[in-house]
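See below for the structure under consideration.
The values are calculated or read from the model by the stated rules, or taken from the named source; none is laboratory data. As the structure is a computational prediction, the values presented were derived from the model and not from experiment. As a convention, Cβ positions derive from the backbone with ideal geometry for all residues, glycine included, and neighbour counts pool all protein chains shown. Side chains included, ligands, DNA and RNA excluded: accessible areas come from the protein's heavy atoms. Shrake-Rupley method; radii C 1.70, N 1.55, O 1.52, S 1.80 Å.
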Amino acid sequence: YPLSTLLVFDSSRNAIPVAWVITSSLTGQDIHKWVGSLAERLRTKDSRWRLNAFLVDDPSFGFSAIRDAFQCRVLLCVWHVRRAWIRSLLKTCCNIDVQREMFKHLGWILYSSRSVPNAMDAVQEFMEVFVDQSAFMDYFKSQWSPYIESWVSCIRSLPVAGPEPHAAIESYHRRLKYKLFNDQYANFWPRIDWLIHTLTTEFHSLYWLDQYIVETGYFSNLRDESFSTNAWYQALHIPDIDVILDEQNLQVAKVISQTDRNLAYTIWNPGSEFSLCDCHWSNLGNLCKHVIKVEMMCKNRQVARPLLAAQIYRQTLLSLLHNPPDDPVVLDHAILCTTRLQQDIKGWEDLSNSGLLQQLPPELNSQMADNTLLFARSH
């Protein structure tokens, strides 16, 4: 039975589980069976609480059911796709240069950012270019080819979450796997009653204890540091001066190690969702602090193209403006919303280009972080 988790993000950008969902199949269409009850229970607990956004990690989820229940934005989370691809590449391809090029091409496929008619044509082009990488191609064809079109279609219709929640999700996922897949529990793995007991007692207690320590200051020596050390949090503590970024040649970037000043890590394809770093953590298939820090720098300095996700979403909005639907009511509303978004995007670009765009205040960032839900499957 697939296990999925409902996460919220706190003001420190950590992912906290608030519910687990165990279903009889992987399809996301069953979401309508419980999402309304969840929304009602939240309103019963606190009628003033409102979601800022709801993140999902499966194109098959019933997005309309989420919007109807929570009256909020729905964003797509592609963390587990990126993670699965890079881990398979690291396992099946020994040539580092080929790994980087293949990873970059996979990003182009997912975000449809090449001038090819459709997603499957992009996949075919990818397979022809890297035909000698048979091990990865066998994996990709069997595990991902049947779903690529649905992912690309979803990315064209929904905004995509950035690396900040991805780092929090990865930290939670790693902690969950460590707890559940401990070898001493191997005899209990097939049992649903053991899974429910472990999640609702031992695993949940870890989060309760961490929150208690933060609020009271008691038992600080018992605190698990992994609760506050996800890659995004770590990236915030890397000084800008330790990032070496050639604005005239954005092929690579360097980040000086915080523990060994004589060591510098190299980041390829900087500023992209499909960047790679040569640090040990990234070589395990994880999202590392160096990649996130460089992406922050590229964004703040306006030295890289917008993220692929932002480019695709803007193209979708502009396409909707020029090719609106036939229904007159939907037409009027779509034109109004798209025009406003186009004006907002242009306004933000003008502010950014003039250097007047300021970061959000910490309290607003915290408020936005506190009001986001993610529905994530465990793999």
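Cβ-Cβ distance below 8 Å, separation of 6 or more or different chains: which pairs start in segment 75-87 with a residue that is within 27 Å of S64 (Cβ to Cβ) and end on one that is open to solvent by 20 Å² or more (accessible area, probe 1.4 Å) and among the aliphatic types (A, V, I, L, M)? Note: pairs meeting the criteria are L75/V160; L76/V160; C77/V160; V78/V160.
Residue-wise test of (1) in the same structural domain as W20 (by the TED database); (2) within 16 Å of V8 (Cα to Cα); (3) part of a helix (DSSP H, G or I); (4) in contact (Cβ under 8 Å) with a residue 40 or more places away in the chain.
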site: T201; (1), (2), (3), (4): yes, no, yes, no
site: L206; (1), (2), (3), (4): yes, yes, yes, no
site: L209; (1), (2), (3), (4): yes, no, yes, no
site: Y212; (1), (2), (3), (4): yes, no, yes, no
site: E215; (1), (2), (3), (4): yes, no, yes, no
site: Y218; (1), (2), (3), (4): yes, no, no, no
site: Q234; (1), (2), (3), (4): no, no, yes, yes
site: I238; (1), (2), (3), (4): no, no, no, yes
site: I241; (1), (2), (3), (4): no, no, yes, no
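The residues on offer are L75, L42, and the sole one that is surrounded by 13 or more Cβ atoms within 10 Å (Cβ to Cβ) and within 17 Å of the chain's Cα centre (by Cα) is L75.
M137 meets all of the listed conditions (1) in the same structural domain as S88 (by the TED database); (2) surrounded by 15 or more Cβ atoms within 10 Å (Cβ to Cβ); (3) closer than 27 Å to R73 by Cα but one, namely (3).
In segment 148-169, the residues that are without any contact (Cβ under 8 Å) to a residue 40 or more places away in the chain reach residues that are outside any loop (DSSP other than H, G, I, E, B) and of a type outside the set (F, W, Y) with C-beta atoms within less than 8 angstrom, at least six apart or across chains, in these pairs: I148/I109; I148/L110; I148/A119; I148/M120; I148/V123; E149/A119; E149/M120. Among the residues in segment 38-61, are any farther than 23 Å from S282 by Cα, among the small types (G, A, S) and without any contact (Cβ under 8 Å) to a residue 60 or more places away in the chain? Yes, some residue in segment 38-61 is farther than 23 Å from S282 by Cα, among the small types (G, A, S) and without any contact (Cβ under 8 Å) to a residue 60 or more places away in the chain. Taken over segment 191-223, residues that are open to solvent by 70 Å² or more (accessible area, probe 1.4 Å) and either under 17 Å from L7 (Cβ atoms) or polar (S, T, N, Q) (or both) amount to 6. Can you confirm whether K104 is touching a residue at least 60 places away in the same chain (Cβ under 8 Å), out of contact with any strand residue (DSSP E or B) (no Cβ under 6 Å at 6 or more places or on another chain), closer than 16 Å to M137 by Cα and surrounded by fewer than 17 Cβ atoms within 10 Å (Cβ to Cβ)? Yes. Quick one: M127 ticks every box in (1) open to solvent by less than 50 Å² (accessible area, probe 1.4 Å); (2) touching a residue at least 60 places away in the same chain (Cβ under 8 Å) except a single one, so which number is it? With (1) open to solvent by less than 50 Å² (accessible area, probe 1.4 Å); (2) touching a residue at least 60 places away in the same chain (Cβ under 8 Å) applied to M127, the lone miss is (2).
Determine whether H280 is open to solvent by 80 Å² or more (accessible area, probe 1.4 Å) and at pLDDT 90 or above. Don't jump to the end; show me each part of the working.
Details: open to solvent by 80 Å² or more (accessible area, probe 1.4 Å): yes; at pLDDT 90 or above: yes.
Yes, satisfied.
Is it the case that E247 is over 30 Å from N182 (Cα atoms), at pLDDT below 90, acidic (D, E) and surrounded by 14 or more Cβ atoms within 10 Å (Cβ to Cβ)? Before the answer, list the steps.
Working: over 30 Å from N182 (Cα atoms): yes; at pLDDT below 90: yes; acidic (D, E): yes; surrounded by 14 or more Cβ atoms within 10 Å (Cβ to Cβ): no.
Answer is no for this residue.
Restricting attention to segment 127-164, report how many residues are under 21 Å from the mean Cα position of the chain (by Cα) and of a type in the set (S, T, N, Q). If you could, list the steps in order and put the result at the bottom.
Initial filter on segment 127-164 (under 21 Å from the mean Cα position of the chain (by Cα)): 140, 143-145, 147-164.
Okay, now just the ones that are also of a type in the set (S, T, N, Q), so 143, 145, 150, 153, 157.
Residues meeting the conditions: 5.
For every residue, the table says whether it meets (1) more than 30 Å from I109 (Cβ to Cβ); (2) within 23 Å of the chain's Cα centre (by Cα); (3) among the basic types (K, R); (4) open to solvent by 20 Å² or more (accessible area, probe 1.4 Å).
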{"position": "V56", "(1), (2), (3), (4)": "no, yes, no, no"}
{"position": "P59", "(1), (2), (3), (4)": "no, yes, no, yes"}
{"position": "S64", "(1), (2), (3), (4)": "no, yes, no, yes"}
{"position": "R67", "(1), (2), (3), (4)": "no, yes, yes, yes"}
{"position": "V81", "(1), (2), (3), (4)": "no, yes, no, no"}
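Of note, Q248 satisfies the criterion of being assigned to a loop (DSSP other than H, G, I, E, B) and either over 19 Å from P163 (Cβ atoms) or touching a residue at least 12 places away in the same chain (Cβ under 8 Å) (or both).
For the structure I just gave you, tell me whether V252 is open to solvent by 40 Å² or more (accessible area, probe 1.4 Å), assigned by the TED database to the domain that holds N14 and aliphatic (A, V, I, L, M). Please lay out each step first, then the result.
On the way: open to solvent by 40 Å² or more (accessible area, probe 1.4 Å): yes; assigned by the TED database to the domain that holds N14: no; aliphatic (A, V, I, L, M): yes.
Spelling it out, it is not the case that V252 is open to solvent by 40 Å² or more (accessible area, probe 1.4 Å), assigned by the TED database to the domain that holds N14 and aliphatic (A, V, I, L, M).
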